[in-house]
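The values are calculated or read from the model by the stated rules, or taken from the named source; none is laboratory data. Worth saying up front: this structure is predicted, and the values here are computed from it rather than measured. Cβ sites come from the backbone with ideal geometry, for glycine too, and all protein chains shown count toward neighbours. Keep in mind that these areas ignore ligands, DNA and RNA; they rest on the heavy atoms of the full protein, side chains included. Shrake-Rupley method; radii C 1.70, N 1.55, O 1.52, S 1.80 Å.
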Amino acid sequence: QVQLVESGGGLVQAGGSLRLSCAASGSTLRINTMGWYRQAPGQQRELVATIRSDGSTNYGDSVKGRFTISRDNAKNSVYLQMNSLKPEDTAVYYCNVVISFTTRNYWGQGTQVTVSS
């Protein structure tokens, strides 16, 4: 089992920045991909960004050039630096990790990000 704890959400004005953090604990040895997803009210959960253990990254089209994902393997943590935030970025942001060689993945409890216009 892997437990994920997110932090860093909040209220920010359009054009501002926030940094989300997610710390994993438990059976972290075989974590491969770490990532962030988001879900706005009435919308499906969507990809924000992922980062593999080799450092390769993948971003959703709507955040490319504004958001940066990074990870610290020694701390079993993943981060999301969000710049130039827009009201349409308002959502609950969820951390996700995928275990190597399996289809098992785990979700955090979510952290609210609200961007005011």
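Take the convex hull of the alpha carbons in the stretch 59-117; its mean projected area over all directions comes to 5.1 nm².
With all protein chains present and a 1.4 Å probe, how do E46, E6, E88 order by accessible area, largest first?
Heavy-atom accessible area, descending, gives E88, E46, E6.
Here the contact order of the stretch 1-57, divided by its residue count and restricted to Cα pairs under 8 Å and six or more residues apart, works out to 26 percent.
Provide the FRET efficiency to the nearest 0.05 for the A74-E46 pair, computing r from the beta carbons and using R0 = 30 Å.
E(calc), rounded to 0.05, equals 0.55.
Its Cα centre serving as origin, the chain has a Cβ charge dipole (Lys and Arg +1, Asp and Glu -1) of approximately 180 debye.
Placing unit charges on each Cβ (+1 for Lys and Arg, -1 for Asp and Glu) gives the chain a dipole about its Cα centre, and among N96, G65, Q1 the Cα reaching farthest toward its positive end belongs to Q1. For the stretch 1-57, the alpha carbon convex hull comes to 119 Å³ per residue, rounded to a whole number. Restricting the chymotrypsin sites (Phe, Trp or Tyr not before Pro) of the stretch 61-116 to loop positions (DSSP other than H, G, I, E, B) with no more than 14 neighbouring Cβ atoms within 10 Å leaves F101.
Surface composition of the chain: carbon and sulfur atoms hold 47% of the protein heavy-atom accessible area at a 1.4 Å probe. Using the 1.4 Å probe convention, the accessible area of the stretch 5-117 works out to 52 Å² per residue with neighbouring protein chains retained. Using C-alpha pairs under 8 Å with a sequence gap of at least 6, the mean separation divided by the residue count of the chain gives a relative contact order of 36 percent.
Taking the inverse of the mean reciprocal distance over all distinct Cα pairs, the Kirkwood hydrodynamic radius of the chain comes to 14.1 Å.
Between T57 and T103, the modelled label-to-label distance comes to 3.0 nm, taking each label 7 Å out from Cα in the direction of the beta carbon.
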